Each structure stands twice: as C-alpha cells, then as structure tokens.
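Working notes, structure below.
The values are calculated or read from the model by the stated rules, or taken from the named source; none is laboratory data. Everything numeric in this text was worked out from a predicted model, so none of it was measured. We work out accessible area using only protein heavy atoms, side chains counted, and drop any ligands, DNA or RNA first. Shrake-Rupley method; radii C 1.70, N 1.55, O 1.52, S 1.80 Å.
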Amino acid sequence: MAGGRAPWGLIGEEDEVRFAAAAQVAAAAGWRYMVLTGWRRQVLAGIDALSVRRRPMTDPLGLERQLLAAVSRRPWRFAELVDQTQVPAVARTHAVHLLWHRRMAVDLALPFGDETWVYPVEGRDDG
C-alpha cells in the first residue's frame, strides 16, 4: 500500500493481501494505485455546510445572477465574491446554494470559509 501499513482497525489482513495484489497489477499496467480509508475532516465539514442550502430558493433580488456574472469574470475568495453583489449578507446564502448545485465550483482541500476560492464551472455559461 502507498506509504506503508494500513491505518489500524480499518483494513484487515486479507484486505492487505488483496490490495497488494491490486497494486502489483496496477504497477504492471503503469498506473498509480492507492487505498483511501476516509475523507479529510474538512471535506466532510464543507459538504455539510454546502448541503444546508440544497433546497429550492427564490431570488427576488437577482443575487444569483450577480454572483454568476462576477465569478464568470474571474475566481474570487468567497467573501470578496459576495461583496460584489448589492446585498452581500443575503448573497452568502445564495452563493452556498449555487455551490451546492454546482453552478459555481470550490476546492474543499482546505476548510470552507471566507478565504475559500470560488471558480466558474468549466463549460458552463451562466453569466
């Protein structure tokens, strides 16, 4: 397995043998192989934070259009992006809603917050 022994208690001895065989097959094919035993804690927290705004929302102020137009021009940190709208405090909710519905993209490698970079979704023209 990549990087040594399996995390204690997550993978049994029989699994280790199977994973070792799979690693050899992958190496013979020129592929990289690794076993993942879980998500990083901040990824689960980020998904949980985004899922709060998964339900349909009304947008009488047109904040989603403003957010999509801003992010189509360039990536923004989350706080800077919502500041591009007429009502930043309300735009935060709509920005999270757009992220959950994949109309904007975010990297959850770091904890989700005001400093998180928000990107346009590739191949999508919502502006």
With angles folded into 0 to 90 degrees, how steeply does helix 13-28 sit against the dominant principal axis of the chain? Use alpha carbons for both and round to 10. 80
To the nearest 10 degrees, how steeply does helix 63-73 sit against the main Cα axis of the chain, on a 0 to 90 scale? 60
For the chain, which whole-number percentage of the solvent-accessible area (1.4 Å probe, protein heavy atoms only) is attributable to carbon and sulfur atoms? 54
Can you tell me the 0 to 90 degree angle between the C-alpha axis of helix 41-51 and the longest principal axis of the chain, rounded to 10? 40
Rounded to the nearest whole Å², what accessible area per residue is found for the chain with the 1.4 Å probe? 70
Short version: what are the Cα gyration tensor semi-axes of the chain, square root of 5 times each eigenvalue, largest first, in whole Å? 40, 16, 12
In whole Hz, the Karplus estimates of ³J(HN,Hα) for segment 30-36 (6.51, -1.76, 1.60; θ = phi - 60°; x where Gly or Pro) are x, 9, 8, 9, 8, 10, 9
Mean ellipticity per residue at 222 nm, deg cm²/dmol - from DSSP H runs of n ≥ 4 across the chain, formula -39500 (n - 2.57): -13500 deg cm²/dmol
